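Q: I have a structure I would like to understand better, so I am pasting it below and will then ask my questions one at a time.
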Amino acid sequence: MKPADPAFSLNQTLQVIRQRHSIRMFTKQEVSEDRINLLLQAGNEAPSAHNQQSWRFIVMRNQKRQDLARLVTSRSGDFPRPASTLLRMAARSIAGAPVVIAIANTGDLIRHGTQLFKVEKEMAHDFFRTMEIQSSAAAVENLLLAATSLGLATVWLGILYLIKDDVLEFLGEPKGEFMAVVPVGYGVTSSRGPQKQPLEMKVRYLDR
Ligand SMILES: Cc1cc2nc3c(=O)[nH]c(=O)nc-3n(C[C@H](O)[C@H](O)[C@H](O)COP(=O)(O)O)c2cc1C
């Protein structure tokens with residue numbers, strides 16, 4: 001647990017935002033279907049550009065999760081360090097978690113973008129791809145926060161982007177875009193996660 005911060009004590013939402021941190025190792029305790037459903041519903045409540053809701057959640061347990069871990073390990077050797085190490089670490093988290101949720105974009109917004117906006121094809125592609133990524137990232141964060149609120153541990157594994165074509169094929173989303181793979185379980189560590197840099201480094205007020 002992170003130490004309490006009075007600024008976040010105002011309500012439970014703020015406390016959950018403060019408490020969320022990445023956990024990469026999990027106990028063998030199962031996570032109920034109901035809880036996973038809540039995470040998926042929380043993800044699905046995210047805002048999305050043009051209300052396209054173009055995220056897809058792929059839930060893996062048992063053998064499928066082990067198969068994904070094996071795929072990641074087998075491809076890790078194709079990359080130099082540190083990518084190879086991060087891929088192997090990701091594979092360990094995937095294999096060790098009782099449930100793994102992958103998030104992919106459908107790519108629909110990208111494909112239909114030029115019809116929606118009568119702008120140059122390349123610009124429409126860039127614009128809509130960015131919008132899809134941002135929308136799905138909001139869905140992933142909703143899911144992570146919901147997990148924290150239920151006492152569940154998660155980590156957003158982005159490193160699998162390096163082998164995204166293989167992963168998307170594996171997930172049955174070959175036309176989609178890789179967003180994240182999130183192992184879900186009960187965490188073994190009591191770590192607090194890294195300290196965040198002070199706000200003064202991040203914020204500028206243009207008029208106050
Ligand atoms: C887009 C994205 C990709 C990430 N990819 C990985 C990853 O591949 N492997 C990993 O262990 N952590 C990954 N993380 C987790 C970050 O390492 C973590 O969020 C960061 O160190 C801050 O720690 P915290 O989540 O505990 O606050 C990723 C996080 C984000 C937002």
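The values are calculated or read from the model by the stated rules, or taken from the named source; none is laboratory data. Since we're looking at a predicted model, the values are computed, not measured. Every residue, glycine as well, gets a Cβ built from its backbone with ideal geometry; the counts of neighbours run over all protein chains shown. We work out accessible area using only protein heavy atoms, side chains counted, and drop any ligands, DNA or RNA first. Shrake-Rupley method; radii C 1.70, N 1.55, O 1.52, S 1.80 Å.
Q: Which shape class, rounded, prolate or oblate, goes with the stretch 164-208 when its Cα gyration tensor gives a ≥ b ≥ c as root eigenvalues, a/c under 1.5 marks rounded, and past that a/b bigger than b/c marks prolate?
A: Cα axes put the stretch 164-208 in the oblate bin.
Q: Can you pull the percent of the chain's accessible area that's carbon plus sulfur, 1.4 Å probe, other chains left in place? Intermediate values should be presented prior to the final figure.
A: Details: 6530 of 12310 Å².
Carbon and sulfur atoms account for 53 percent of the accessible area of the chain.
Q: Treat each spin label as a single point 7 Å out from the Cα along the C-beta direction, and report the residue 79 to residue 188 distance in nm.
A: Result for the modelled spin labels: 2.3 nm.
Q: For every helix of n ≥ 4 consecutive DSSP H residues, a contribution of -39,500 (n - 2.57) applies; sum these over the chain, divide by its total residues, and give [θ] at 222 nm rounded to the nearest 500 deg cm²/dmol.
A: -14500 deg cm²/dmol
Q: Report Rg (one decimal) and Dmax (nearest whole number) for the chain, counting Cα atoms only, units Å.
A: 18.3, 56
Q: Still on this structure, please answer the following. Taking Cα pairs under 8 Å and at least six residues apart, what relative contact order does the stretch 22-188 come out at, in percent? Please list the in-between numbers first.
A: Working: 300 pairs, mean separation 62.7, N = 167.
Across the stretch 22-188, relative contact order equals 38 percent.
Q: Kindly work out what percent of the DSSP beta bridges joining two residues of the chain are antiparallel, to the nearest 5.
A: Beta bridges within the chain, antiparallel portion: roughly 95 percent.
Q: Just in the stretch 88-168: which trypsin sites (Lys or Arg not before Pro) are loop by DSSP and have at most 13 other Cβ atoms within 10 Å?
A: Of the trypsin sites (Lys or Arg not before Pro), the ones in loops of the stretch 88-168 whose Cβ has at most 13 other Cβ atoms within 10 Å are 118.
Q: Using the C-alpha atoms of the stretch 89-208, what convex hull volume per residue, in cubic angstrom, is computed?
A: Working: hull volume 21.4 nm³, N = 120.
Once divided by residue count, the hull of the stretch 89-208 is 178 Å³.
Q: Per residue, how much accessible area does the chain show when a 1.4 Å probe rolls over the protein heavy atoms, in square angstrom?
A: 59 Å²
Q: Over the stretch 59-133, what is the relative contact order in whole percent, taking alpha-carbon pairs under 8 Å and six or more residues apart? Walk me through the intermediate numbers first.
A: Values: 63 pairs, mean separation 22.4, N = 75.
About 30 percent, as a whole number.
Q: Rounded, prolate or oblate: which one fits the stretch 59-150, using the alpha carbon gyration tensor with axes a ≥ b ≥ c (rounded when a/c is under 1.5, else prolate when a/b beats b/c, else oblate)?
A: It comes out prolate by the Cα gyration axes.
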